[in-house]
Amino acid sequence: MSETMQTLAGKKALITGGAGGIGAACGRALSEQGAHVVVADRDGQAARLLAAEIGGEAWEVDLLDVAALETLKLDVDILVNNAGIQRVNPIETFEPSDFRLMLSLMVEVPFLLVRATLPHMYEQGYGRIINISSIHGLRASAFKAAYVTAKHGLEGFSKVTALEGGPHGVTSNCVNPGYVRTPLVESQIADQAATHGIAVEDVVNDILLEKNVLKRLIEPSEVAGLVSFLASPAAAMVTGASYVMDGGWTT
């Protein structure tokens, strides 16, 4: 890529859940824009492989060790909160431990990482917080109580961050994709089939893409393209927003 395209040269980006799926796509995209990318993932080997590929660095970390994050200090310019998991069950059989785990990973961990990052961003008068939310941060689906609750919480936290960070040159936004072609979504297909009592091959068209007028899954690179925009100088006046990319689901 030419030097004129390297709009993030000299910037340091941290991506959680960065070794695969959306996270890896974001890592590649931000690296192409010149950012030095820290790939944070509990899968250390995968993180190191991607970091070597894009000239970044790996951070093998268990984000659910939240106590260790409480005293963390980060010197990153761009934070992409991407790590997440999914569980599909009716409320009455939803494991309380799973509910707590998902809220911790997708709400508490972003809070702790933003808390660790803001002092550096405030000091330099610049920062980009990009939260990978979901269409489920704006809409609900049955059998996803924890995921929908967590993503709605992340939306609220992102907006508070935008309000507090604005005077310091820090923006905070959410990206809200529908179903993306990732291992997380692929693992849901069997769960959805079992929950709804339908064939696996019917899950994508009848459930995942039922309200998607474009009738295809989103590619990780497409999400990464929007993340790249929000990290770029072109998005300097964009904050407190939720960017929907759902194939017309919410139209």
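The values are calculated or read from the model by the stated rules, or taken from the named source; none is laboratory data. From a predicted model like this one, the values you see are computed outputs, not experimental measurements. Note that we place each Cβ from the backbone using ideal geometry, even for glycine, and neighbour counts take in every protein chain shown.
Note on segment 1-107: enclosed helices (runs of 4 or more DSSP H) holding 3 or more residues that are buried (at least 19 other Cβ atoms within 10 Å of the Cβ) and free of Cβ contacts under 8 Å to residues at least 60 places away in the same chain are 44-54. Select from segment 118-156 the residues that are surrounded by fewer than 21 Cβ atoms within 10 Å (Cβ to Cβ) and among the hydrophobic types (A, V, I, L, M, F, W, C) and list them in ascending order. Once the filter is applied, which keeps residues that are surrounded by fewer than 21 Cβ atoms within 10 Å (Cβ to Cβ) and among the hydrophobic types (A, V, I, L, M, F, W, C), segment 118-156 yields 118, 138, 140, 142, 143, 145, 148. A Cβ distance below 7 Å, combined with a sequence gap of six or more or placement on separate chains, defines the contacts here; from segment 191-208, residues that are closer than 16 Å to residue 143 by Cα reach residues that are of a type outside the set (A, V, I, L, M, F, W, C) and at pLDDT 85 or above in the pairs 208/179.
Consider segment 160-178 and keep the residues that are part of a helix (DSSP H, G or I) and either outside the structural domain of residue 86 (by TED's automatic domain parsing) or in contact with a strand residue (DSSP E or B) (Cβ under 7 Å, 6 or more places away or on another chain) (or both). The one that is surrounded by the most Cβ atoms within 10 Å (Cβ to Cβ) is 161.
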